[in-house]
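Worksheet for the structure shown next.
The values are calculated or read from the model by the stated rules, or taken from the named source; none is laboratory data. Treat the numbers as computed from the prediction; the structure is a model and nothing was measured. Every residue, glycine as well, gets a Cβ built from its backbone with ideal geometry; the counts of neighbours run over all protein chains shown. When the accessible area is computed, the model is the full protein with side chains, heavy atoms only, and any ligands, DNA or RNA have been set aside. Shrake-Rupley method; radii C 1.70, N 1.55, O 1.52, S 1.80 Å.
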Amino acid sequence: MKKRFSQYSLWLSLLGIVIGVGQYFTSIYSLNILYMGVVVYLAGFTCGVIAFGKHERGLMKYFSLTSFVVIPLLIMLGMLFFAMNFGES
């Protein structure tokens, strides 16, 4: 069986994102669940790096690598818009 790290990367990254974002839309909030989501997401990112290093075919390997940049950018923009609400009018 050939291991496809790009598929593992895609599914683990998506699962980590769903767990992390799902914490804010449910009434059950646990820091341990959030940490578990971050660990799953980082495992997906690691699989993406391995897939990139092995030169696997397909575009799935780029999902976790680009989301590693896009997610902090979205968080930063969210904080910027939050700070703009408290600015001078």
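Tabulated data
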quantity	calculated
Value at 222 nm in deg cm²/dmol, rounded to 500, when DSSP H runs of n ≥ 4 in the chain each add -39,500 (n - 2.57)	-27000 deg cm²/dmol
Rule-of-thumb Rg ratio for the chain [Cα; 2.2 N^0.38 Å; N residues]	1.32
Highest-MSF residue in the chain out of G58, G20, G78 [GNM, Cα springs under 10 Å]	G78
Accessible area per residue in Å² at 1.4 Å probe, computed on the chain	77 Å²
Estimated inter-spin distance, I71 and Q7, nm [label 7 Å along Cα→Cβ]	2.2 nm
At most 11 other Cβ within 10 Å, DSSP loop - chymotrypsin sites (Phe, Trp or Tyr not before Pro), the chain	Y29, F86
